[in-house]
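The values are calculated or read from the model by the stated rules, or taken from the named source; none is laboratory data. Worth saying up front: this structure is predicted, and the values here are computed from it rather than measured. Neighbour counts run over all protein chains shown; Cβ positions are idealised from the backbone, glycine included. With ligands, DNA and RNA removed, areas are computed over all heavy atoms of the protein, side chains included. Shrake-Rupley method; radii C 1.70, N 1.55, O 1.52, S 1.80 Å.
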Amino acid sequence: IVAFLIPLLDDKFALIRSISCWTLSRFSKYIVQDSGNKKGYEQFDSVLMGLLRRILDTNKRVQEAACSAFATLEEEAAEELAPRLEVILQHLMCAFGKYQRRNLRIVYDAIGTLADAVGEKLNQPVYLEILMPPLIAKWQQVSNSDKDLFRLLECFTSIAQALGTGFSQFDQPVFQRCINIIQTQQLAKVDPISAGVQYDKEFIVCSLDLLSGLTEGLQGGIESLVAQSNLRDLLLQCCMDDDSDVRQSAFALVGDLAKVCPVHLRPRLSEFLDVATNQLTTPKLNETIAVANNACWAIGELAIKVRQEISPVVMTVISCLVPILQHAEQGVNKSVVENTAITLGRLAWVCPDLVSPHMEHFMQPWCISLSMIRDDIEKEDAFRGLCAVVRANPSAALSSLVLMCKAIASWDEIRNGELHNEVCQVLHGYKQMLRNGAWDQCMCALEPPEKDKLSKYQ
């Protein structure tokens, strides 16, 4: 089928060229899967070059179909695109100079998707010389009230994340413009005449997302920019916005900043924690699930950075998190349950003395949720918390011991040596505590693969 479609990309009829682009994109998965062998790679390359040719078609409809099809292929191909990056960028930036306003939005999309797909491989001078000058020129040309700025901001977000510290040569003007847009829009909300623009929340959302992309990409390099700005106060205002999309992006940025420069959130830490906690108590949690998710994650990221400073709000936060875990079986969003379990673990890790007296209220649903989480650094933090509260109050966890063992067995491997030892100590402690066959009885409640996994820690 693919071999039949490739020549149709060059058909004399525009309609056939455009529908061939779309149809080929439906087969992206198979085209990429087969690229491991010589014949498959040749076909993949023919599709890639064919779509790039059509991106520069004279017909607008074909341009649109080719750009969308190419974005789909990019998502599937990911790093397979790296050897062809130069020719891809040349075609996309040629289209960028040629397209009219409507189709230009799809080029932004294709560039952003490319950055997401190849990541740091984009960070080469030869690629940046092709990619950045036209984008910077457009960035300077588009006004702060032009809705075309949305796609450009989204495109820059992907590029900033891909380039990492390589974006630092462009960071200052981009950062400052995001701050200016947020400021202007917050003014426009109350006084559009003074602001000189009509309020549109999308400008704030896209600017917050780009600041998150910058933070993720630059890591500690963002610190000096944040220090010289009023981002903290603007961000707190966004966290209290009445629009859920604004709050969702705001809390994502709070979490990203907490990871790399928590010192700049500290002066208003209690306010950030209060507004984040409020997102978890809403009776309509399912309607603002993404906000709750980001707020919950941000609390956890702040906790592991500010440690004991979080203690004044720990019990309030826990009282919001526990009901989410208790109702996990009743269709609460899976991602929120996971984030809740991780944040509870992080609070338990930094303040075990405050959390451990209340363990019997949440231990069972917590262990069930922990066992569903994939192995990563966030799961490590949560299990540090589990070990800390169990050490502080071992008897309170006894009735949940089987579930705790299942949670420990959910790890493929605990790579962190310190945590591995802590888990060993916890299990050894219970083995000593449970006499007269009680430990063996507990082990009998486990599946054979779970017992095998636990044997690593005994």
Report yes if some residue within the stretch 257-265 is open to solvent by 40 Å² or more (accessible area, probe 1.4 Å), of a type outside the set (A, V, I, L, M, F, W, C), assigned to a helix (DSSP H, G or I) and modelled with pLDDT of 90 or more; otherwise report no. yes
Would you confirm whether or not the stretch 13-33 contains a residue that is touching a Lys or Arg at 6+ places or on another chain (Cβ under 6 Å) and among the polar types (S, T, N, Q)? yes
Are there any helices (runs of 4 or more DSSP H) wholly within the stretch 114-197 with 3 or more residues that are in contact (Cβ under 8 Å) with a residue 24 or more places away in the chain, open to solvent by 20 Å² or more (accessible area, probe 1.4 Å) and of a type outside the set (Asp, Glu), and if so which? 125-141, 149-163, 171-190
Selected residue (only one of TRP411, TRP366, TRP349 is at pLDDT 90 or above, open to solvent by 10 Å² or more (accessible area, probe 1.4 Å) and within 27 Å of GLY255 (Cβ to Cβ)): TRP349
Checking the condition touching a Ser or Thr at 6+ places or on another chain (Cβ under 6 Å) and surrounded by fewer than 21 Cβ atoms within 10 Å (Cβ to Cβ), which residue from ASN421, ASN393, ASN416, ASN436 passes? ASN393
Going by what's in this entry, would ALA69 be described as aliphatic (A, V, I, L, M) and either within 24 Å of LYS138 (Cβ to Cβ) or touching a Pro at 6+ places or on another chain (Cβ under 6 Å) (or both)? yes
Out of all the residues in the stretch 325-338, is one or more buried (at least 22 other Cβ atoms within 10 Å of the Cβ), outside any helix (DSSP H, G or I) and among the hydrophobic types (A, V, I, L, M, F, W, C)? no
Which listed residue, of VAL322, VAL317, is under 25 Å from the mean Cα position of the chain (by Cα), closer than 14 Å to GLY345 by Cα, in contact (Cβ under 8 Å) with a residue 24 or more places away in the chain and surrounded by fewer than 21 Cβ atoms within 10 Å (Cβ to Cβ): VAL322
